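Worksheet for the structure shown next.
The values are calculated or read from the model by the stated rules, or taken from the named source; none is laboratory data. These numbers were taken from a predicted model, which means no experiment stands behind them. Cβ coordinates were reconstructed from backbone atoms using ideal geometry, including for glycine residues, and neighbour counts include every protein chain displayed. These area figures cover heavy atoms from the full protein model, side chains too; ligands, DNA and RNA do not enter into them. Shrake-Rupley method; radii C 1.70, N 1.55, O 1.52, S 1.80 Å.
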Amino acid sequence: MSDVKRDDEAATIPAQNTGGGRADGEVLLKVTGLQKHFPIKKGLLQRQVGAVHAVDGIDFEVRAGETLGVVGESGCGKSTMGRLITRLLEPTAGKVEFEGKDITHLGVAGMRPLRRDVQMIFQDPYSSLNPRHTIGTIVGAPFKLQGVEPEGGIKKEVQRLLSVVGLNPEHYNRYPHEFSGGQRQRIGIARALALNPKLVVADEPVSALDVSIQAQVVNLLDDLQQELGLTYVIIAHDLSVVRHVSDRIAVMYLGKIVELADRDLLYKTPMHPYTKALMSAVPIPDPRRKAEKSERILLKGDVPSPIAPPSGCRFHTRCWKATEICRTTEPPLLELRPGQRVACHHPENFEDQQPQDTVLLTAAKEASELVPDEVLAESAETSAAVAAEVAPAKASAPAEATPADAAPAADTTAEPAADTTVEPAVDAEPVAKADPAAAAAPAAEADPAVEAEAPAAPDAPAAPEAPAKEK
C-alpha cells in the first residue's frame, strides 16, 4: 500500500501496538441493546404471524487492538450479530457505534466510507468467492470500489497481499476452483485486509478447514494483528481456537450474551452454568486421563425455539440450578467480578444472588440427573436450592449401605452353624471307609441326625429307620 495512503490515514487509524502484544485502547465498537427479529409471514396477504428472535438485546464493547471471541451453540445468533455490527443486516432495535459515531441506520452512501474501516471474513470460503473472477480481480475489487489507487498499481498491491497471507503472488490470474479450502480462506483474508481496516469480523474463519490448515490460518490472523494493530471479533465453535486467539470471550445462548469475561477468568472460573457446561465439553489431549472419570455436563433436551423463547432466564429449561425466579425474571448482565460479567441469578464460583429461593424447578431436578456428582457438590456450595436437593441424596446413601453391611454379619453368624453340621459328617467318613459294607455309610449319617432329634430314643428303633432312608 502506498506511503501516501498510509500518511492520509495516520490521523484516523488507532494507535497500533508497537510492542507486539495486545494492549487495551480506546473503545472502537460499542453495541447497546442490539436486536434483530426476522418476521414470519403467512397467508395470501403475507401477514406477520410471528418473528424469529435471532438477536434479542445484547450489549458489549470492543477496544482497539484486542480480540473478542464469541462462542455458543448453533443457532444462538453469533453470525447474525456479526452481520449486524458490519451493517450487512438492518437492526430491528438497538444502537451500534463505531469510533463514537452512530452507524445503526446509515444508508448505502453513508456506509461506503466506513467500509474501508470495517471488513468481514465470511464463514464459507467456497461460496464467498465469485467463481467467474480471478484472484487478482477478487482481491483488487475493494480498491476499485473505494476509488483507491495504490502506489505501483493494483496488481502489485494484490500480489503483495497474497504474499502476506502466505500465497504465491504468481497465482494472480488463477480462479477460485484451482485452490484448496485453506487457500481460499487465505484469499478471503487478503481481500478483507486490502484497505487496511480497523475492525475485522471473522465469522468462523477456520470451521470448514482441516486441523493443520486451521493452525496456519489462526497463526496468520495472530501475526497480522501484531503487525498491523488490527481489532478482531472472531466467531467460532472451537473453544480451543477461541482461547488461543482471544483476549475476552462472550458466550451467547438463544440470542443473549449470558457471560462476558477475560479469557483466563472464563476458562478457570466460569460463572454461568451454561458456560460451565461448554467448558466441560472441551476435550483434554492427555492419554493419562483416559482412565479417569469424565466430568462432562450433559444438558437436558435441545435449545428452545427462537420463535418462542422461554420467559425469564432463557437457560432455565435446561439448567440444574433453576428456581422460580429464573422462570419469571430475566437476569441482567452484571459485573460480579472485575473483568467478568454474567447474567445469572445463581452463578457458579460466586455467592448466590437470590439466596431466598431454595426450591428447584421440576426441570432443574430432571437436568441434575445428567450432571456429575462432583459438579453438583460444587454447585451446592453457591446455591441453597441445589444444597437442599443434594443433602437428602447424601443422607440416603448411608441408609442404602446399611443392609449391605448387615449381610456379611449374617454370613459370619451362619458360618459356625454350618461348621457344626459338617463336623459329624467329617467324623463319619472314617467309619464309612473302615466298614466294608456299603450300607454302613447311610446308617452312619443317619445316627447323628437321629441323636440330634431324639437323644433319649432306644437303640432298637434305629435299625429299621436305616432301610427306610435307603428307599
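Could you pull out the residue among Thr317, Thr358 that is among the hydroxyl-bearing types (Ser, Thr, Tyr) and either within 20 Å of the chain's Cα centre (by Cα) or in a strand (DSSP E or B) (or both)?
Exactly one residue qualifies, and that residue is Thr317.
For segment 85-113, name all the residues that are in a helix (DSSP H, G or I) and more than 18 Å from Pro205 (Cβ to Cβ).
Selection gives Val108, Ala109, Gly110, Met111, Pro113.
Any idea which of Ala250, Ala281 is surrounded by fewer than 18 Cβ atoms within 10 Å (Cβ to Cβ) and in contact (Cβ under 8 Å) with a residue 40 or more places away in the chain?
Within the list Ala250, Ala281, the selection yields Ala281.
Lys5 - would you say it is more than 30 Å from Ile154 (Cβ to Cβ) and either at pLDDT below 90 or not acidic (Asp, Glu) (or both)?
It is false that Lys5 is more than 30 Å from Ile154 (Cβ to Cβ) and either at pLDDT below 90 or not acidic (Asp, Glu) (or both).
Checking Val148 against (1) in contact (Cβ under 8 Å) with a residue 40 or more places away in the chain; (2) of a type outside the set (Ser, Thr, Tyr); (3) not in a loop (DSSP other than H, G, I, E, B): exactly one of these is not met. Which one?
So the condition that Val148 fails would be (3).
Those residues that are open to solvent by less than 60 Å² (accessible area, probe 1.4 Å) and out of contact with any strand residue (DSSP E or B) (no Cβ under 9 Å at 6 or more places or on another chain), I need them from segment 138-151; list them, please.
Answer for segment 138-151, where residues must be open to solvent by less than 60 Å² (accessible area, probe 1.4 Å) and out of contact with any strand residue (DSSP E or B) (no Cβ under 9 Å at 6 or more places or on another chain): Ile138, Val139, Gly140, Ala141, Phe143, Gln146, Val148, Pro150.
Restrict the check to segment 33-53 and report whether at least one residue is in contact with a strand residue (DSSP E or B) (Cβ under 6 Å, 6 or more places away or on another chain), assigned to a loop (DSSP other than H, G, I, E, B), within 22 Å of Thr231 (Cα to Cα) and open to solvent by less than 40 Å² (accessible area, probe 1.4 Å).
no
Inside segment 159-188, can you point out the residues that are charged (D, E, K, R) and more than 35 Å from the chain's Cα centre (by Cα)?
Arg160, Glu170, Arg174, Glu178
Among (1) open to solvent by less than 60 Å² (accessible area, probe 1.4 Å); (2) touching a residue at least 60 places away in the same chain (Cβ under 8 Å); (3) within 29 Å of Glu97 (Cα to Cα), which single condition is Glu157 missing?
The failed condition is (3).
How many residues are aliphatic (A, V, I, L, M) and not in a loop (DSSP other than H, G, I, E, B) if we restrict to segment 328-355?
3
Considering each of Ala277, Ala250 in turn, give the residue that is among the small types (Gly, Ala, Ser), under 30 Å from Ala51 (Cα atoms) and part of a helix (DSSP H, G or I).
Sole residue among the options that is among the small types (Gly, Ala, Ser), under 30 Å from Ala51 (Cα atoms) and part of a helix (DSSP H, G or I): Ala277.
Given the conditions (1) touching a residue at least 12 places away in the same chain (Cβ under 8 Å); (2) open to solvent by 10 Å² or more (accessible area, probe 1.4 Å); (3) part of a helix (DSSP H, G or I); (4) among the small types (Gly, Ala, Ser), which single one is not true for Ser212?
(1)
Find all pairs meeting these conditions: Cβ atoms under 8 angstrom apart; at least six residues apart or on different chains; first residue within segment 26-50 and aromatic (Phe, Trp, Tyr); second residue part of a strand (DSSP E or B) and open to solvent by less than 100 Å² (accessible area, probe 1.4 Å).
Close Cβ pairs (under 8 Å, with a partner that is part of a strand (DSSP E or B) and open to solvent by less than 100 Å² (accessible area, probe 1.4 Å)) amount to Phe38/Ala51; Phe38/Val52; Phe38/Ala54.
Among the residues of segment 284-300, what is the count of those that are open to solvent by 50 Å² or more (accessible area, probe 1.4 Å), modelled with pLDDT under 85 and not in a helix (DSSP H, G or I)?
9
Got a sec? Which of Val71, Val49, Val96, Val31 is in contact with a Ser or Thr (Cβ under 8 Å, 6 or more places away or on another chain), within 25 Å of Arg314 (Cα to Cα) and of a type in the set (Val, Ile, Thr)?
Val96 is the lone residue from the list that is in contact with a Ser or Thr (Cβ under 8 Å, 6 or more places away or on another chain), within 25 Å of Arg314 (Cα to Cα) and of a type in the set (Val, Ile, Thr).
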